[in-house]
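Asks: Structure below; questions to follow.
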Amino acid sequence: MKQHTWILGVDAGGTKTVAKLARLVSSAECFASSIEEVAEGRAGPGNPTAADFTPATENWRRAIHAACEAADISPREIAATCLGIAGAGRVAVQQRVCAWIKDQVVATDVHVTTDATIVLAALQGNLAATQLAHMQGVALISGTGSMAWGRNASGMQTRCGGWGYLLGDEGSGYWIGRQGLQGACRAVDGRGPNTQLVDAFTRFFQLDDWDALVPRIYHPDFKRSDLAALAPIVLSLAENDPIAAGIVDAAADELLALIRVISERLGLTGTEFSVGLAGGILTESPSLVKRLQSRTAALPAPCPTLRTVREPVSGA
């Protein structure tokens, strides 16, 4: 006879929150279980460090309730949940998230980790818990922000990057978008080479003149995610515009540095390991991934295998 238990996974990043509801189906006959994904819900930015805790939790709530409504169940029926949250790498944040989820009466068994951890779990596929305990590899995220996290088979873990838009996030959507705007401003001033980015941003913002850009960018309602949304413009011009190409090349260099540091710390260099690529910038930008792939040849052989992870929430 088969029995099922409701479980919930949440992926909360700088741009969106995804909650996926699944049934953990157990079979008494074969003493085995499987996961059947049933429904999902989506909402806005869920990074409590970048977006502030209250608006982030509201997006978690919306995504979770949307998934429950789609499955026609109450959040109280969920037995266990794993939340992979950008900005939750520190214990104080994890404790606050646990307190919130329990206050919402969503599961009694709660696990809070980073969005990078669930990328690596998703990269491994639907493994048994005993196998996941020995998983190894690197998770590389470039969305609104950027960071890398890795684990070796002995259980050693380490992270690199993830310092936020003021202190780091090199190679992220925010970083690429800002670099693009700065390159365009230098071209308008005559301090830098001409670039197609000027016309592209002029069309995007529907500007009558370039001076009108300043109040748009510095408006209180202009968010970090809005600046990250400019990255696709830079990426789309990378094959034909030297300034855009230089920015994307620099982004690839920065992301490669994250992989290199993680692999060295964990003793993965010179071994076969995979890198899970996640976040909108990496999953939607073939030109950046192509540049990153070519740069992995500089790492000790064998080169790591780059694999795109489009649904990190499945890892949760």
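Asks: Does any residue of segment 113-124 turn out to be crowded, with 17+ Cβ neighbours inside 10 Å, assigned to a loop (DSSP other than H, G, I, E, B) and touching a residue at least 12 places away in the same chain (Cβ under 8 Å)?
Replies: Within segment 113-124 (the criterion being crowded, with 17+ Cβ neighbours inside 10 Å, assigned to a loop (DSSP other than H, G, I, E, B) and touching a residue at least 12 places away in the same chain (Cβ under 8 Å)), the answer is yes, since at least one residue qualifies.
Asks: Of all residues in segment 253-267, which are among the small types (G, A, S) and buried (at least 20 other Cβ atoms within 10 Å of the Cβ)?
Replies: S263
Asks: Taking segment 58-79 on its own, how many of its residues are surrounded by fewer than 21 Cβ atoms within 10 Å (Cβ to Cβ), under 14 Å from T17 (Cβ atoms) and in contact with a helix residue (DSSP H, G or I) (Cβ under 8 Å, 6 or more places away or on another chain)?
Replies: 1
Asks: OK, next. Scan (1) open to solvent by 20 Å² or more (accessible area, probe 1.4 Å); (2) modelled with pLDDT of 95 or more; (3) within 26 Å of G46 (Cα to Cα) for the single condition D221 breaks and write down its number.
Replies: (2)
Asks: Could you grab the pairs with beta carbons closer than 7 Å, sequence gap of 6+ or different chains, first residue in segment 231-244 and in contact (Cβ under 8 Å) with a residue 40 or more places away in the chain and assigned to a helix (DSSP H, G or I), second one aromatic (F, W, Y) and open to solvent by less than 40 Å² (accessible area, probe 1.4 Å)?
Replies: Note: pairs meeting the criteria are I233/F201.
Asks: To continue, here is another question. Output the qualifying pairs, or none if there are none: Cβ atoms under 6 angstrom, residues six or more apart or on different chains, first residue in segment 292-313 and more than 21 Å from I281 (Cβ to Cβ), second residue of a type in the set (V, I, T) and part of a helix (DSSP H, G or I).
Replies: Pairs that qualify, where the first residue is more than 21 Å from I281 (Cβ to Cβ) and the partner is of a type in the set (V, I, T) and part of a helix (DSSP H, G or I), are C303/T296.
Asks: Separate question: Let me confirm something: among G14, G46, G87, which residue is over 21 Å from R310 (Cβ atoms) and assigned to a loop (DSSP other than H, G, I, E, B)?
Replies: G87
Asks: Quick check on my filter: what residues within segment 285-313 are of a type outside the set (V, I, T) and assigned to a helix (DSSP H, G or I)?
Replies: P286, S287, L288, K290, R291, L292, Q293, S294, R295, A297, A298, P312
A quick yes/no check of all residues on (1) β-branched (V, I, T); (2) touching a Gly at 6+ places or on another chain (Cβ under 7 Å); (3) not in a loop (DSSP other than H, G, I, E, B):
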{"residue": "M135", "(1), (2), (3)": "no, no, no"}
{"residue": "R159", "(1), (2), (3)": "no, yes, yes"}
{"residue": "G168", "(1), (2), (3)": "no, yes, no"}
{"residue": "V188", "(1), (2), (3)": "yes, no, yes"}
{"residue": "F222", "(1), (2), (3)": "no, no, no"}
{"residue": "S225", "(1), (2), (3)": "no, yes, yes"}
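Asks: Does V214 satisfy being in contact with a Phe, Trp or Tyr (Cβ under 7 Å, 6 or more places away or on another chain), over 25 Å from G89 (Cβ atoms), open to solvent by 30 Å² or more (accessible area, probe 1.4 Å) and at pLDDT 90 or above? Explain how you work it out, then say what you get.
Replies: Working: in contact with a Phe, Trp or Tyr (Cβ under 7 Å, 6 or more places away or on another chain): no; over 25 Å from G89 (Cβ atoms): yes; open to solvent by 30 Å² or more (accessible area, probe 1.4 Å): yes; at pLDDT 90 or above: yes.
In short, no.
The values are calculated or read from the model by the stated rules, or taken from the named source; none is laboratory data. Treat the numbers as computed from the prediction; the structure is a model and nothing was measured. All Cβ positions, even for glycine, are placed from backbone atoms using ideal geometry, and neighbour counts span all protein chains on display. With ligands, DNA and RNA removed, areas are computed over all heavy atoms of the protein, side chains included. Shrake-Rupley method; radii C 1.70, N 1.55, O 1.52, S 1.80 Å.
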